[in-house]
Amino acid sequence: MRLAVSTSQRPFVRDTSPAAVDTEHRSSTGRWHLGRAYRAGRLVCGCVHVTISHDERIGLTQRERRLVRVRFHEPVDDDLRIELTELARRRGTASDRAAERIAPIELVVDDPCSEHQRMVGRLQPPQARHGQLCDIEFGLRQLGRT
C-alpha cells in the first residue's frame, strides 16, 4: 500500500538560508553599545558593553528613567578587577558599602550615528553575581552627563 505524500506538507523541512546578523546588538534588557572605561584619565578597560534602557514606571523623572548597565571585557586593569570582584562577592548592605568605596568611573560610549557619549558615574552592585567577569552586569549611577 502506498500513501501519496505531498511535498508542500513536509513538516520537518529545514531552511538552509543563513541566519540574519543582529546589527543592533540587542540584549535581553535593551540595546548595548561598545565603549571604554577611564579612571583619572587612564584607560582601565578597553572593551565595555553598555546597556541603556528606560524604566517605564509612572512618576519617575527623565533622569531616573534611564537605566545603565555595564559589562567589562578583557583586558581589565588589575585594580579595577579587584574592585569588581569584591563588589560582585558582597551581598546586602556590604555590597552598598563596597560600591561607595569604588572611585567614579568615566565611560566613553561609541555611537555609530553620532559622536562619542561620555558618562561619569559610580558602579552599583550586580543582580547576578555568578560567572565570569564579562558575564556580570554592574549598574551605573550617573553623576553627570555631557
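The values are calculated or read from the model by the stated rules, or taken from the named source; none is laboratory data. Owing to the predicted nature of the structure, the values given are computational and were not obtained by experimental measurement. Glycine gets a Cβ as well: all are built from the backbone with ideal geometry, and neighbour counts include every protein chain shown.
Of the residues in the range 83-123, how many are in a strand (DSSP E or B) and either over 19 Å from the mean Cα position of the chain (by Cα) or small (Gly, Ala, Ser) (or both)? Steps first, answer last, please.
Going through the range 83-123, the residues in a strand (DSSP E or B) turn out to be 105-109, 117-123.
Restricting the remaining residues to those that are either over 19 Å from the mean Cα position of the chain (by Cα) or small (Gly, Ala, Ser) (or both) gives 121.
Total satisfying the criteria: 1.
Could you count how many residues in the range 112-136 are surrounded by 13 or more Cβ atoms within 10 Å (Cβ to Cβ) and farther than 14 Å from residue 34 by Cα?
Adding up the residues that qualify gives 10.
Please work out which one of (1) assigned to a helix (DSSP H, G or I); (2) modelled with pLDDT under 90 is the condition residue 80 fails and give its number.
(2)
Only residues in the range 116-129 that are more than 10 Å from residue 106 (Cα to Cα) count as the first member; pair them with residues that are assigned to a strand (DSSP E or B) and among the β-branched types (Val, Ile, Thr), Cβ under 6 angstrom, at least 6 apart or cross-chain, and list the lot.
Once the first residue is more than 10 Å from residue 106 (Cα to Cα) and sits in the range 116-129, its partners that are assigned to a strand (DSSP E or B) and among the β-branched types (Val, Ile, Thr) give 116/108; 117/109.
Could you please let me know if residue 74 is assigned to a loop (DSSP other than H, G, I, E, B), out of contact with any Lys or Arg (no Cβ under 6 Å at 6 or more places or on another chain) and modelled with pLDDT under 90? If you could, list the steps in order and put the result at the bottom.
Working: assigned to a loop (DSSP other than H, G, I, E, B): no; out of contact with any Lys or Arg (no Cβ under 6 Å at 6 or more places or on another chain): yes; modelled with pLDDT under 90: yes.
So residue 74 does not fit the description; no.
Quick check: is even one residue across the range 22-34 at pLDDT 85 or above and among the hydrophobic types (A, V, I, L, M, F, W, C)?
yes
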